[in-house]
Amino acid sequence: MSKPDPVLQSEIRARVAEIRGPDHAPLGDSGRLSEIIVRNGRAYFFIAVSPTEAASWEAARLAAQTAAAEVPGVTSATVSLNAERTATPTSSKPPETPSPTSQFPALAEISHIVAVASGKGGVGKSTTACNIALALKGLGLRVGILDADIYGPSMPKLFGLRAKPTVVGERTLVPLDGYGVKVMSIGFVVDEAKALVWRGPMVMGAITQMLRDVAWGALDVLIVDMPPGTGDAQLTMAQSAHLSGAVIVSTPQDLALIDARKGVAMFQQVDVPILGIVENMSYFVCDECGKRHEIFSHGGAAKEAARLGVPLLGEIALDPIIRERSDAGLPIVVTEPDSESAAAYRSIAQQIWARLQAGDSGSRPPVR
Ligand code: ADP
């Protein structure tokens with residue numbers, strides 16, 4: 001696994017420090033630069049701006065990204081404008097170097113944040129995340145779910161929630177209640193069609209806001225339904241939420257498994273432990289004959305999990321009831337608790353919780 005690279009970090013900081021923003025002050029003196037994170041040659045950091053300044057800082061963001069990418073040893077750089085922090089630039093103040101966790105005090109009372117991810121869309125990631133969250137709740141835990149799949153937010157539908165979250169204070173959103181789970185989704189606050197055309201920095205800004213401005217309170221587990229894929233938005237999310245672990249959802253087809261492998265590699269790159277793989281739509285049980293049909297070459301996930309040295313947490317059938325119930329906002333774990341599929345989700349949730357408790361994954365450091 002990769003380790004932080006302090007030499008590269010300080011070289012990047014030195015170069016980026018000289019870039020001037022629209023106020024003509026060098027970035028290094030501005031107090032706007034976040035901690036610089038470098039893993040396996042990939043660099044990430046934020047420039048803090050106020051929401052009204054975001055457009056005027058785009059050129060400086062690009063310049064900082066280019067300068068960071070040109071540092072020998074850096075293979076790629078992702079710099080985003082973080083319009084959520086109140087920028088209080090002064091030329092006399094030393095640069096602030098907040099840790100990603102300290103940027104998100106809203107996450108302070110959450111014991112574990114677990115990402116549910118997939119290498120590509122349509123594999124049932126959101127359905128799995130929803131039912132795992134409910135199964136964890138069924139274990140008596142305090143659970144939240146953050147729908148960070150901003151390109152296709154599905155938690156409003158999956159939980160059957162149509163209300164808008166209330167706002168407390170200046171901008172803190174109160175999560176909605178879905179069968180006892182605290183639910184927050186970008187789908188509650190923006191029109192889906194709008195989110196689809198967002199560019200990278202806006203996507204990251206939205207994710208940052210979802211991490212920062214939600215009144216989660218004390219939770220044992222926050223499940224994060226990640227955007228599908230393994231691009232920079234996913235990597236930034238994985239990095240900035242200080243995840244305890246990740247669950248990868250895959251279908252049995254080879255192609256999806258290749259994507260799943262990319263998902264595993266992405267989390268390993270940022271030192272997030274893989275809690276395991278879930279094989280979704282694994283097999284089909286025929287209503288009429290009651291027989292199990294292996295419609296895709298079933299078992300691929302088991303082999304892949306063994307090859308990668310991560311557990312296969314479970315296999316979920318291609319179950320028409322899962323689809324029906326999901327579409328109706330009646331998750332199967334709650335509405336058909338005696339079904340085989342609900343039992344499979346519960347077993348997965350138990351293993352996740354056991355691994356979190358055993359400390360197989362790093363629990364989150366306390367926020368000071
Ligand atoms: P993703 O989040 O990966 O894009 P979704 O969770 O939105 O995928 O699922 C895609 C579609 O597949 C949805 O219509 C959902 O109801 C259906 N689905 C997911 N898992 C199953 C399953 N195990 N059996 C049957 N249908 C499923």
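The values are calculated or read from the model by the stated rules, or taken from the named source; none is laboratory data. Quantities reported herein were computed from a predicted structural model and do not represent experimental measurements. Cβ sites come from the backbone with ideal geometry, for glycine too, and all protein chains shown count toward neighbours.
Is it true that GLY229 is surrounded by fewer than 22 Cβ atoms within 10 Å (Cβ to Cβ), at pLDDT 75 or above and within 21 Å of GLY263 (Cα to Cα)?
Yes, satisfied.
Go through region 336-350 and give me each residue that's over 27 Å from the mean Cα position of the chain (by Cα) and more than 12 Å from the ligand (Cβ to nearest atom).
GLU336, PRO337, ASP338
Return yes when LYS120 is of a type in the set (Lys, Arg), away from the ligand (no atom under 12 Å from the Cβ) and assigned to a loop (DSSP other than H, G, I, E, B) and no when it is not.
In short, no.
Inspect region 95-115 for any residue being within 13 Å of the ligand (Cβ to nearest atom), surrounded by fewer than 14 Cβ atoms within 10 Å (Cβ to Cβ), modelled with pLDDT under 90 and not in a strand (DSSP E or B) and give the result as yes or no.
no
Okay, residues lined up against (1) closer than 17 Å to SER240 by Cα; (2) at pLDDT 90 or above:
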site: MET1; (1), (2): no, no
site: PRO6; (1), (2): no, no
site: GLU11; (1), (2): no, yes
site: HIS24; (1), (2): no, no
site: LEU27; (1), (2): no, yes
site: SER30; (1), (2): no, no
site: VAL38; (1), (2): yes, no
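All but one of (1) in contact (Cβ under 8 Å) with a residue 12 or more places away in the chain; (2) within 15 Å of the ligand (Cβ to nearest atom) hold for HIS293, so report the exception by its number.
Of (1) in contact (Cβ under 8 Å) with a residue 12 or more places away in the chain; (2) within 15 Å of the ligand (Cβ to nearest atom), only one is false for HIS293: (1).
Would you mention how many residues in region 315-341 are assigned to a helix (DSSP H, G or I), of a type outside the set (Ser, Thr, Tyr), touching a residue at least 40 places away in the same chain (Cβ under 8 Å) and crowded, with 16+ Cβ neighbours inside 10 Å?
Total satisfying the criteria: 4.
Taking the residues in region 273-290 that are of a type outside the set (A, V, I, L, M) and within 16 Å of the ligand (Cβ to nearest atom) as candidates, determine which candidate is nearest to ARG355 (Cα to Cα).
Applying the filter and picking the extreme gives GLU279.
Which of the residues that make up region 126-185 are in a loop (DSSP other than H, G, I, E, B) and among the hydroxyl-bearing types (Ser, Thr, Tyr)?
Scanning region 126-185 gives TYR151, SER154, THR166, TYR179.
Can you tell me which residue is nearest to the ligand (Cβ to nearest atom) among those in region 300-314 that are part of a helix (DSSP H, G or I), touching a helix residue (DSSP H, G or I) at 6+ places or on another chain (Cβ under 8 Å) and within 17 Å of ALA265 (Cα to Cα)?
ALA301
From the list ILE321, ILE332, ILE316, ILE277, which residue is more than 24 Å from the chain's Cα centre (by Cα) and within 24 Å of PRO153 (Cα to Cα)?
Matching residue, one of ILE321, ILE332, ILE316, ILE277: ILE321.
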